[in-house]
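For reference, the structure discussed in these notes is given below.
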Amino acid sequence: MAKTPNMNHMIKMAQNMAKQMEDQMNSIEVEGNAGGGMVKVLLNGHKNILSLTISKEVVDPQDIEMLQDLIIAALNDAQAKVDEKIKGNLPGGIPGGFPFPGI
């Protein structure tokens, strides 16, 4: 079955939209933090960790669990911010938006 000119146009539009979304996700950077900013995580729009900062005040060899909890909390905070930023930038007019894993 041959593609109609309309179908080709729709495919091109979808490809352009996908490229724009990819560019947008690559440009997103959000910071999550925990413990009043003692642990900070910087993520990109793909939820890849760009940096992790830990204040020396929270490094206690006797309480590793607290540090682990703070890292997890900061990462969860950053991931939620990425999700919100992406949801806020979804194209309007598309019923239900696009299905993105993890959002």
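Observations on the model:
- Partner lysines whose Cα lies under 26 Å from the Cα of K12, excluding those fewer than 8 positions away in the same chain, are identified as K3, K85, K87.
- Among V58, V30, V41, sorting on how many other beta-carbon atoms sit within 10 Å of each Cβ, with the fewest leading, yields V58, V30, V41.
- Virtual spin-label span in nm between K12 and D63, 7 Å along Cα→Cβ: 6.2
- Part-to-part distance (alpha-carbon centres) for segment 32-65 and segment 66-83, which is given in Å: 8
- Between A73 and E22, the FRET efficiency from the beta-carbon distance, with R0 = 30 Å, is close to 0.55.
Values in this text are rule-based calculations from the coordinates and carry no lab data. Since this is a predicted model, take the numbers as computed values, not measurements. No Cβ is skipped: glycine too gets one built from the backbone with ideal geometry, and neighbour counts run over all protein chains shown.
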